Amino acid sequence: MEIIQKFGLEIKLLLFQIVNFLIIAFILKKFLYIPLKKILDERKHKIEQSLLESNNTKIILEGAKEERKKLLFEAKNNANTLIETAKVSIVEAKEKIIMETKRHSEQILDDAKQRAATEFKIMNNQIEKMSIDVSRKIILRVLSDLFSDDEKQKFISRALKKLDEKIKN
Amino acid sequence: MQIKPDMLFSIANFPVTNTIIATIISDIIIISFILIISRAISLKPNSIQNVTEVVIDYFMETTREIAGERASFIYPWVLSFFIFILVSNLIAQFPGFESITFKASMSNSHIKVPLLKAATSDLNLTLAFAVISVILTHYFSIKYTGIKAYFTRFITFRVFPIFLFVGILEFSNEITKIISFSFRLFGNISSGEKIMETMYNIFSFGLPLPFMLLEILVAIIQAMIFAMLTMVFMHIMTDKPH
């Protein structure tokens, strides 16, 4: 008892301190720990969500990069195929053009030959006509002095007739 | 050397001592702090909220590391002990404690006593903390391990007499807990006060300064020790016995 008195232990003070601390602990829990824990949890949740979103964005970005790579690869392949096709087409077109040109030039040559043959034929006819004319004139001049007018007329008519027939043929 | 608190006056047979006044000041400081914090709580914390969050988070994580899932009901008590003891210890370093005197009436005579004395230098307060801590520990033990598991700590029906002895030791350990809890805090703070008083009496200017820093350190360490021991005991008692 003496020790208790020496330390000033008193049941009323002890009870007061117990009740006082319990009240303070209650206030601390109710108005400090719970609201702050709520805030901490909310912040943690937001950070986790942001991290998740960032990870998702990263995944999407990686996907986009892959897609880009794939598209570039496809585009390159398509371009190569197009170039190859174009090369083949160019060669084909070149050959076609050459063939066309050859055919056209041959046609032109044939036309020219045909025209030349026709011209030659016409020219031949004209030359023949002219030579007949010249021959007639020569006959008329040569025979005028040798034969009488009637004979002349007969010879001339016969020769002319033969010439006309020849011309007609 | 007087180690008990000085009675200033009484209200309806309730003795108001200088440590009671210090306790009430601690209460006012804590409640004011809660009011300041709770008004400005937001997702973007200000500096005070930031510091408080760091302290709360530290205790929460430490308790979680030690007690796992049981941290949710252990940490509020541990943190409350820490805050209350820390505030009570630190305000005792402020000027006015032990120096401002009050004329107390003691059986027809008036004597000058200090108006304010460190609340934790009162064994009533430290014993109250110890009792609350131990009772809560046992309450949580019954609640979370069950009444049967709780009693098997103290009473065992095994044939070897050593287990009966272990049970008695466990029981005496609980009594020792109360004594060690209360006297450790009380002894450290009381002795610190006496050292400071002696230093002030030897030379008031400069000399008490290193001791004051030491007292601040002791104040923090003692608050931490009390809180951590409570945490460990709560964890041990809420763990199912093997």
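The values are calculated or read from the model by the stated rules, or taken from the named source; none is laboratory data. Keep in mind that what you see is a predicted model, and the values were worked out from it rather than measured. Cβ placement follows ideal geometry from the backbone for every residue including glycine, while neighbour counts extend to all protein chains displayed. Remember, those area values only see protein heavy atoms, side chains included, never the ligands or the DNA or RNA. Shrake-Rupley method; radii C 1.70, N 1.55, O 1.52, S 1.80 Å.
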| request: Can you tell me the 0 to 90 degree angle between the C-alpha axis of helix B:47-67 and the longest principal axis of chain B, rounded to 10? | output: 30 degrees
| note | Rounded to 0.05, the calculated FRET efficiency for the beta carbons of B:Leu43 and B:Ile195 at R₀ = 35 Å is 0.15
| Accessible-area value, A:Ile3, 1.4 Å probe, nucleic acids and ligands omitted, Å² | 120 Å²
| query | Which one of A:Leu109, A:Ile23, A:Thr85 has its Cα pushed farthest toward the positive end of the charge dipole of the protein assembly as shown, where Lys and Arg give +1 and Asp and Glu give -1 at the Cβ? | reply | A:Leu109
| field | Using distinct alpha-carbon pairs, which all enter the 1/r mean, Kirkwood radius of region A:1-46 in Å | value | 13.3 Å
| request: Please grab the % of Cα pairs in region A:65-160 that end up more than 16 Å from each other. | output: 77 percent
| said: Per DSSP helix of 4 or more residues, -39500 (n - 2.57); summed, then divided by the residues of chain A. What does that give at 222 nm, rounded to the nearest 500? | reply: -34000 deg cm²/dmol
| query | So what are chain A's ellipsoid semi-axes, whole angstrom, largest first, if each one is the square root of 5 times an eigenvalue of the alpha-carbon gyration tensor? | reply | 142, 14, 8
| field | Volume in Å³ per residue [convex hull over Cα atoms, computed for the protein assembly as shown] | value | 378 Å³
| task | Return the average number of partner chain Cβ atoms within 10 angstrom of each residue Cβ along peptide A:21-31. | result | 6
| note | Per the rule of 0.36 nm per residue minus the C-alpha distance, extending A:Leu71 to A:Phe147 adds in nm 16.5 nm
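How big is the shadow of the Cα convex hull of region A:45-103, averaged over all directions, in nm²?
Mean shadow area of the hull around the Cα atoms is 4.4 nm².
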| field | region B:1-44-region A:25-85 distance, computed between alpha-carbon centres (Å) | value | 51 Å
| message | Taking 24 Å as the cut-off for C-alpha to C-alpha distance, list the pairs among A:Lys12/B:Lys194; B:Lys4/B:Lys112; B:Lys4/B:Lys177; A:Lys46/A:Lys70; A:Lys129/A:Lys154 that go past it. | response | A:Lys12/B:Lys194; A:Lys46/A:Lys70
| Per residue convex hull volume, Cα atoms of chain B, in Å³ | 184 Å³
| note | Expected integer from the mean partner chain Cβ neighbour count at 10 Å over A:3-11 is 5
| task | Using only C-alpha positions, report the orientation-averaged shadow area of the convex hull of region B:166-242, nm², one decimal. | result | 6.1 nm²
| How high is the FRET efficiency from B:Glu174 to A:Leu52, r the C-beta distance, R0 30 Å, rounded to 0.05? | 0.05
| note | The answer for trypsin sites (Lys or Arg not before Pro) in region B:156-242 that fall in a DSSP coil and have at most 13 neighbouring Cβ atoms within 10 Å is B:Arg158
| Is there a simple number for the mean count of other chain Cβ atoms within 10 Å of the Cβ of residues in B:33-44, and what is it? | 3
| How much area per residue is accessible in the protein assembly as shown when the probe is 1.4 Å and only protein heavy atoms are counted (Å²)? | 66 Å²
| query | If you place +1 on the Cβ of every Lys and Arg, -1 on the Cβ of every Asp and Glu, and leave all else neutral, what size is the dipole of the protein assembly as shown about its Cα centre, to the nearest 20 Debye? | reply | 1500 debye
| field | FRET efficiency, A:Ile132 to A:Glu95 (Cβ-Cβ, R0 60 Å, nearest 0.05) | value | 0.65
| Could you give the angle, 0 to 90 degrees to the nearest 10, between helix B:123-145's Cα long axis and the longest principal axis of the Cα atoms of chain B? | 20 degrees
| In degrees between 0 and 90, to the nearest 10, how far off the longest principal axis of chain A does helix A:34-146 point, with axes built from Cα atoms? | 0 degrees
| field | Distance histogram in 10 Å bins (all Cα pairs of region B:120-207, percent per bin) | value | 16, 29, 24, 16, 9, 6, 1
| Using the Cα atoms as the points, what is the convex hull volume per residue of region A:93-145 in Å³? | 33 Å³
